[in-house]
1. Could you say which residue among Gly176, Gly169 is more than 14 Å from the chain's Cα centre (by Cα) and touching a residue at least 40 places away in the same chain (Cβ under 8 Å)?
2. Do we find that Ala150 is assigned to a helix (DSSP H, G or I) and of a type in the set (Gly, Ala, Ser) in this structure?
3. Does the stretch 42-52 contain any residue that is modelled with pLDDT under 95, of a type outside the set (S, T, N, Q), closer than 20 Å to Ala210 by Cα and outside any helix (DSSP H, G or I)?
4. Scanning the stretch 108-133 for residues that are assigned to a loop (DSSP other than H, G, I, E, B) and more than 22 Å from Val183 (Cβ to Cβ), which turns out most open to solvent (accessible area, probe 1.4 Å)?
5. I'm told Asp64 meets every condition in (1) more than 15 Å from Ala209 (Cβ to Cβ); (2) more than 15 Å from the chain's Cα centre (by Cα) except one. Can you identify the failing condition by its number?
6. Residues that are closer than 22 Å to Pro90 by Cβ and touching a Pro at 6+ places or on another chain (Cβ under 8 Å): which strands (runs of 3 or more DSSP E) entirely in the stretch 180-261 hold 3 or more of them?
7. What's the number of the condition Ile29 fails, among (1) under 22 Å from Ala247 (Cβ atoms); (2) in a strand (DSSP E or B)?
8. Filter the stretch 240-261 down to the residues that are farther than 16 Å from Arg62 by Cα, more than 21 Å from the chain's Cα centre (by Cα) and small (Gly, Ala, Ser) and list them by number.
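The values are calculated or read from the model by the stated rules, or taken from the named source; none is laboratory data. Values in this document were obtained by computation on a predicted structure and should not be read as measured data. Neighbour counts are summed over all protein chains in view; Cβ atoms, including those assigned to glycine, are modelled from backbone coordinates with ideal geometry. Side chains are part of the model used for accessible areas, which takes the heavy atoms of the whole protein and leaves out ligands, DNA and RNA. Shrake-Rupley method; radii C 1.70, N 1.55, O 1.52, S 1.80 Å.
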Amino acid sequence: MKIALMDSGIGLLAATAAVRRLRPDADLILSLDPDGMPWGPRTPEDLTGRALAVAEAAAGHRPDALIVGCNTATVHALPALRARFEPVLPVIGTVPAIKPAAAGGGPVAIWATPATTGSAYQRGLIEEFGGDAVVTEVPCPGLADAVEHADEAAVAAAVDAAAALTPDGVTTVVLGCTHYELVAERIRAAVQRPGAPRLVLHGSAGAVAAQALRRVGARPDPGAPAQGTLTVLLSGRAGVLPAPASAYEEGRLLRAVAPAR
């Protein structure tokens with residue numbers, strides 16, 4: 001079984017690690033776009049073009065499913081990707097976990113990029129899945145870029161700034177950018193109030209990995225032999241994981257995966 005994942009940078013690490021844990025025997029194909037990153041500031045049309053090129057590179061390795069490991073690319077490029085590749089290649093997008101977060105009943109904060117915060121897309125998700133929950137949108141300028149470069153000082157500053165915008169009493173934080181899942185515990189520590197119940201964090205990686213397996217008719221098998229290989233494509237070229245990936249547990253897990261022969 002081959003599972004491909006795509007993003008402009010290392011935001012796809014969380015979903016990749018989730019796939020790896022569910023199916024250690026799966027071959028992984030990671031298609032990144034260092035020549036075009038970051039995708040966030042690009043126009044929807046430009047971003048869609050970059051995403052299609054990155055997806056084409058991954059599709060050349062004949063994966064069984066393709067995960068769009070980026071919230072922004074899912075917003076703008078998912079229809080074009082599905083039109084291009086499905087039904088032959090299932091394409092799984094990444095959507096903020098607003099529905100399960102709202103089901104918890106307490107006040108919810110959605111941490112997202114400034115471009116996503118307040119967008120019609122995110123407001124639509126809140127309206128559709130937020131129910132009666134009190135939902136606050138929190139912009140996190142600079143956080144994704146800081147995570148991408150493993151810039152500890154910049155990560156700390158961006159997390160602190162977003163935490164200051166998060167209302168007291170919030171019981172749940174939705175991580176609305178895949179990069180944020182790589183620093184989830186730092187986010188929890190910044191938002192957690194003394195004496196309050198443990199803050200609940202909702203990322204998308206686990207659900208996306210599980211959905212990819214369902215789309216290919218496979219089941220989780222964490223005990224399978226850890227024989228899956230790793231192929232890394234950098235704007236279509238064969239490469240290796242970017243150095244900052246090693247700063248995160250998810251990246252270190254993938255370092256142990258054998259390169260494809």
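1. Every option except Gly169 fails the conditions.
2. Details: assigned to a helix (DSSP H, G or I): no; of a type in the set (Gly, Ala, Ser): yes.
Considered against the rule, which asks whether it is assigned to a helix (DSSP H, G or I) and of a type in the set (Gly, Ala, Ser), Ala150 comes out as no.
3. no
4. Restricting to residues being assigned to a loop (DSSP other than H, G, I, E, B) and more than 22 Å from Val183 (Cβ to Cβ), the top hit is Asp132.
5. Only one criterion is unmet by Asp64, namely (1).
6. Numbers: elements: 200-202, 229-234, 237-239.
The qualifying strands (runs of 3 or more DSSP E) are 229-234.
7. The number of the failed condition is (1).
8. First, the residues of the stretch 240-261 that are farther than 16 Å from Arg62 by Cα: 240-259.
From what's left, more than 21 Å from the chain's Cα centre (by Cα): 258-259.
Matches in the stretch 240-261: Ala258 only.
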